[in-house]
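Single-structure report; data block below.
The values are calculated or read from the model by the stated rules, or taken from the named source; none is laboratory data. Being a predicted model, the structure only gives us computed values, none of them experimental. A quick note on method: Cβ atoms are made from the backbone with ideal geometry, for glycine too, and the neighbour counts reach across all protein chains shown. Keep in mind that these areas ignore ligands, DNA and RNA; they rest on the heavy atoms of the full protein, side chains included. Shrake-Rupley method; radii C 1.70, N 1.55, O 1.52, S 1.80 Å.
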Amino acid sequence: KVRSQADALGNAGKTSVFIAKGDQLVGLIGVTDVLRTEAKETIDRLQAMGLDVRILSGDTVAAARAIAQQLNLGAEQVQAEVTPEGKVDAIAQLKREQRLVGFVGDGINDAPALASADVGIALNSGTDVAMETADIVLMGDSLADVPAAISLSRNTVNKIRQNLAWAFLYNLICIPLAAGAFLPGFGLSLNPALSGGLMAISSLTVVLNSLLLRRSKRLRSA
């Protein structure tokens with residue numbers, strides 16, 4: 001009877017906890033994780049960004065799949081009853097498939113996975129070990145900050161590429177011009193004062209373009 005009750009709890013996505021007094025079983029408790037209010041929206045946003053979202057959980061298969069069902073994730077996106085070493089192995093397998101892996105965790109058991117992932121992300125409410133191991137520690141305690149951090153990172157990399165492209169184009173044109181390379185054939189050259197002014201404009205352009213990141217942050221908040 002107790003086993004059937006435990007199986008029923010497992011099928012409902014709950015983990016069974018047996019209570020014993022000495023050698024006698026005196027109770028059975030079913031516990032389950034409660035999703036954060038922002039969890040579903042966070043998963044949807046990550047998938048909309050083109051990311052493959054998966055769950056690595058130490059819980060039972062039934063419990064992990066019950067959580068995944070609430071998040072509209074398929075059974076193939078869930079790995080349950082995974083040890084800390086198993087999480088590292090799962091990440092290593094994804095890397096062998098030439099994938100970039102980001103891992104979000106906040107517990108002591110997540111520390112090895114946070115260290116082995118390409119990008120480890122820890123919540124501010126996480127354990128000290130998790131925060132010391134992670135590459136990124138979110139300032140808040142909301143999962144919604146995860147896609148925001150990824151979006152900000154992407155925008156930052158784009159700005160770096162734009163600034164490098166502008167600097168390369170500027171130097172490609174202006175350095176030969178200032179050196180007199182176009183003087184014999186086209187009669188074009190730059191005097192030192194104008195060269196200094198153009199350098200200041202170039203630096204100002206890079207700074208203003210970088211400051212546009214603040215505008216993208218406001219748009220995400222709106």
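Observations
- Residue count for the stretch 104-134 under the criterion of being assigned to a loop (DSSP other than H, G, I, E, B), more than 14 Å from Leu56 (Cα to Cα) and open to solvent by less than 20 Å² (accessible area, probe 1.4 Å): the result is 3.
- You will find that of Ile67, Ile55, Ile19, the residue that is modelled with pLDDT of 90 or more and more than 18 Å from the chain's Cα centre (by Cα) is Ile19 and no other.
Per-residue answers, yes or no, for (1) of a type in the set (Gly, Ala, Ser); (2) under 30 Å from Ala122 (Cβ atoms); (3) not in a helix (DSSP H, G or I):
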position	(1), (2), (3)
Asn163	no, yes, no
Tyr170	no, no, no
Leu177	no, no, no
Pro184	no, no, no
Ala193	yes, no, no
Leu198	no, no, no
Leu204	no, no, no
Asn209	no, no, no
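- Within the stretch 140-154, the set of residues being in a helix (DSSP H, G or I) and in contact with a Lys or Arg (Cβ under 8 Å, 6 or more places away or on another chain) comprises Pro147, Ala148, Ser151, Leu152.
- Listed conditions (1) more than 30 Å from Ser57 (Cα to Cα); (2) open to solvent by 70 Å² or more (accessible area, probe 1.4 Å); (3) not small (Gly, Ala, Ser) are all met by Leu177, apart from (2).
- Condition met for Ser210 (at pLDDT 80 or above and either open to solvent by less than 40 Å² (accessible area, probe 1.4 Å) or farther than 30 Å from Val146 by Cβ (or both)): no
- When Leu204 is tested against (1) within 26 Å of Thr37 (Cα to Cα); (2) exposed (fewer than 15 other Cβ atoms within 10 Å of the Cβ), just one condition goes unmet, and that condition is (1).
- All of Val137, Val101 fail the test of being open to solvent by less than 60 Å² (accessible area, probe 1.4 Å), free of Cβ contacts under 8 Å to residues at least 24 places away in the same chain and in contact with a Lys or Arg (Cβ under 8 Å, 6 or more places away or on another chain), apart from Val101.
- The residues of the stretch 85-98 that are open to solvent by 60 Å² or more (accessible area, probe 1.4 Å) and either of a type in the set (D, E, K, R) or assigned to a helix (DSSP H, G or I) (or both), listed by number, are Glu85, Asp89, Gln93, Lys95, Arg96, Glu97.
- Filtered by the rule that a residue be touching a Leu at 6+ places or on another chain (Cβ under 9 Å) and touching a residue at least 12 places away in the same chain (Cβ under 8 Å), the stretch 174-205 gives Cys174, Leu177, Ala178, Ser189, Leu190, Ser195, Leu198.
- Residues in the stretch 74-110 that are small (Gly, Ala, Ser), under 22 Å from Asp33 (Cβ atoms) and over 15 Å from the mean Cα position of the chain (by Cα): Gly74, Ala75, Ala80, Gly86, Ala90, Gly107.
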